[in-house]
Structure formats: C-alpha cells, structure tokens
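Scroll down for the structure; my scribbles are underneath it.
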Amino acid sequence: MGVPYSKSTNRRKLNNKFKGKNDKNDRNYKNEMEKITIDSLSSAGLNSPRSIERFLSVTYPYFHDELEAIKMERQNVLYKEMWQGNFCAPVAEILETGGHVLDLGCGPGAYIVDCAKDYPLSTFMGIDISPMFNIIRSPPNVGFMEYNLLEGIPFPNFTFDYVHQRLLALAYTEEQWEDAIEEIVRVCKPGGWIELLEPDFIINNAGPITKLYFDEFRSCMNSRGINTCMASRLPKLLETTNQISEIFVLEKQLPIGNYDLEFGAEGAITVIDVINSTRTIMKDLLKLNDDEYSEMIQNIAAEARCPQYKMSMNFIRIYGMKTKTSLSNYSDSSSESYIHIL
C-alpha cells in the first residue's frame with residue numbers, strides 16, 4: 001500500500017562543476033547517450049582530483065587493502081542470496097537490451113562484474129575512492145574510475161539508466177548525504193532507476209558486550225556527523241528532490257549467529273568485520289589496548305554463538321524511478337511521490 005509523502009519545495013542547489021547545464025530544451029541527449037562506451041565514460045574523470053587522506057581522516061573508518069577486497073567479494077555473495085538477486089528495482093529488461101549502469105562505492109567490483117556477466121549488452125561503470133578494482137579479470141563491458149564521491153559524481157546529467165549504491169552509510173555525514181542523493185538523481189536518466197542498500201547498525205537482541213560496543217560505535221560516528229541510522233532517512237531525501245515518482249522500501253534482518261543456518265554465520269562475520277575494521281578509532285574511545293580489543297571481539301563472537309541471543313541487524317533497501325518529466329523540468333518535477341513498504 002502506498003503512503004503519500006507531502007511534497008517539499010525547499011530543494012538545495014549544488015554548486016558542482018559536473019552538473020553542467022540542465023539542457024531543458026535539448027532533445028538530442030538520447031542520441032548522445034547511445035554513443036556512450038566504457039572509454040567515453042572513463043575519460044570523463046581521468047583528471048579528477050583524489051583526496052583519500054582527507055576523506056578517511058574526516059569520516060570513513062574502513063581500511064582499503066586486500067583483506068577489505070576479499071571481505072567485499074564475500075559480502076556480495078551474501079547480499080545476492082539474501083535478496084535473491086543483485087537488484088530489486090525492475091531493471092532486468094533495461095539491462096537485457098543494453099543499459100548504462102553506475103555503481104557508486106564499487107570497491108573491488110564484485111557487484112558490477114557479477115551483473116556484467118549476466119547482462120553483456122549493458123555497460124557498467126564503477127566508482128570508488130580506493131583503487132581496489134581488479135580490471136584485469138573484469139568483462140569488457142565494465143569500467144572503473146578512482147574518484148572521491150564527496151566531490152560529486154563526474155558525469156553529465158541523464159547519463160545512466162540505473163544507479164546503484166550500497167554500504168556507504170558511514171562514508172557521508174548527514175549533510176553530505178543530501179548532496180550525494182541529489183547527485184545520484186542528477187546523473188540518472190528520466191525513467192531510470194535508483195537503488196540503495198544500507199544497514200542501520202542497530203543490533204536486535206544484542207548480548208551485553210555487543211550492545212556496549214555498538215552503543216559506543218554509534219556515539220563515535222554521531223560525533224563525526226555521521227548518522228548510523230541514515231538508511232531510514234533515505235526515502236525522504238529521495239522524495240524531496242521532487243524527481244522520484246515512486247519510492248519502494250524493503251527491510252530484512254540479517255541473522256547474526258549459529259541459530260540461523262542459512263545466513264547466521266555470514267552475519268556474524270559481517271559484524272566482526274565492522275568491529276575489526278574500526279579498531280583504530282574505537283579502541284581509544286573504549287580505552288582498550290590491542291590485546292584487550294581483540295579479547296572484546298572474541299567475546300562478541302562468543303555472544304553470536306550463544307543460543308541465548310538471537311541477534312540480527314536491519315538492512316533497508318530503497319529503490320525508485322526518476323520521473324520522465326525530469327527532462328523538461330529538471331529542478332521541479334510536478335509528479336507526486338509515494339513510498340511503498342514491502
């Protein structure tokens with residue numbers, strides 16, 4: 001059942017060098033989009049600046065190395081099985097006939113490589129601040145760009161049929177999320193689809209040590225301007241662009257522990273990955289040395305194995321279609337927006 005949102009008229013404007021003109025009267029953009037190739041997409045950002053040190057020091061707590069790449073490869077399998085596919089938005093027909101897809105925060109490229117193999121007629125472009133992407137083993141219809149998304153998305157308006165982003169909840173402050181959503185909507189074609197997947201970092205039925213860690217973790221992130229429960233706000237941010245005709249929201253719980261034979265073990269590994277990846281930040285906050293922090297991780301793993309606790313973490317998937325009227329009136333679509341809880 002659809003629940004209508006009230007429309008918002010206060011829309012923030014971005015001063016982004018990649019926004020370009022709105023092309024309100026330009027009817028040739030469809031012909032230009034048909035000429036897009038991997039090379040042309042990549043060339044749009046070859047000289048783009050990168051500032052990973054500033055980025056990491058301000059917000060993002062994760063490390064960028066081979067272990068991180070392995071973790072993200074494994075997570076791709078988990079989320080594909082958990083959601084029974086690589087996407088929930090109805091984009092299969094677009095991809096079968098040859099669409100243009102953007103994956104933001106693509107990491108080593110597990111997601112787009114998997115999709116590209118299934119849809120060889122489509123073109124896939126991944127963007128990440130860290131050069132983890134393995135271009136050697138990727139299909140010919142996949143490209144990668146190393147770029148800091150805090151500086152915008154380095155593509156013109158109306159470039160992609162499908163824009164996908166997941167697991168960047170900790171990469172943006174709340175204010176930066178507003179700009180990020182506007183950029184995502186900007187580069188999506190009218191009639192194209194946007195899909196986001198994020199956890200809320202709330203552990204249901206948490207054991208005492210697990211609860212203590214995540215309470216402190218959320219407090220730490222909040223002190224940096226990061227809302228760990230941002231996933232619940234994303235539908236509203238999409239709606240306030242006035243360019244999304246319908247917004248669908250799906251929620252699932254990722255089991256954490258041996259009580260769930262299908263996903264519980266991977267859920268526990270996912271949580272331990274978060275805790276271990278934030279070691280540098282969190283051990284000082286918790287006043288623990290390395291050995292004590294490692295002991296805490298072992299205790300949390302023990303809680304995950306304990307039948308007393310049936311822990312889980314909420315994941316929220318949001319997708320919506322950009323209004324076709326966005327081409328003629330980019331800044332203020334007159335279409336109503338609806339949210340569907342599935």
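No lab work stands behind these numbers, since they all come straight from the coordinates. The structure displayed is predicted, hence computed values, not measured ones. Every residue, glycine among them, receives a Cβ derived from its backbone with ideal geometry; neighbour counts consider all protein chains shown.
To one decimal place, what orientation-averaged projected area in nm² is obtained for the convex hull of the Cα set of the stretch 143-257?
Mean shadow area of the hull around the Cα atoms is 8.6 nm².
Cut-off under 17 Å on the C-alpha distance; same-chain residues fewer than 8 positions from Lys71 excluded. Which aspartates and glutamates are left, in chain and number order?
List returned: Glu81, Asp114, Asp128, Glu198, Glu266, Asp273.
Would you please classify the overall shape of the stretch 215-263 from the alpha carbon gyration tensor, given that a ≥ b ≥ c denote the square roots of the eigenvalues, rounded means a/c under 1.5, and beyond that prolate means a/b larger than b/c while oblate covers the rest?
Note, shape of the stretch 215-263 comes out oblate.
Above 22 Å lies some portion of the pair distances; for the stretch 86-165, what is it as a whole percent of all C-alpha pairs?
The calculated P(r) of the stretch 86-165 puts 18 percent of pairs beyond 22 Å.
Where does the stretch 250-302 land on Rg(C-alpha)/(2.2 N^0.38 Å)?
Taking the Cα Rg and dividing by 2.2 N^0.38 Å, one obtains 1.30.
With labels modelled as points extended 7 Å from the Cα through the Cβ direction, what inter-label distance (nm, one decimal) is found for Asn204 paired with Ser294?
Simple spin-label model gives 3.4 nm for this pair.
Pairs of alpha-carbon atoms within less than 8 angstrom and 6+ residues apart define the contacts here; what relative contact order does the stretch 106-153 have, in percent?
About 40 percent, as a whole number.
Please state the relative contact order of the stretch 102-260 as a whole percent: Cα pairs under 8 Å, 6+ residues apart?
Normalised by residue count, the contact order of the stretch 102-260 is 18 percent.
How far, in nm, would the chain grow between Thr97 and Asp118 when pulled straight, counting 0.36 nm per residue and subtracting the alpha carbon separation?
6.4 nm
Normalised by the number of residues in the stretch 175-327, what is the relative contact order in percent for Cα pairs under 8 Å and 6+ residues apart?
Answer for the stretch 175-327 is 44 percent.
Which pairs, out of Lys252/Lys283; Lys236/Lys310; Lys252/Lys322; Lys117/Lys236, put more than 27 Å between their alpha-carbon atoms?
In this structure, Lys252/Lys283; Lys236/Lys310; Lys117/Lys236 lie more than 27 Å apart at Cα.
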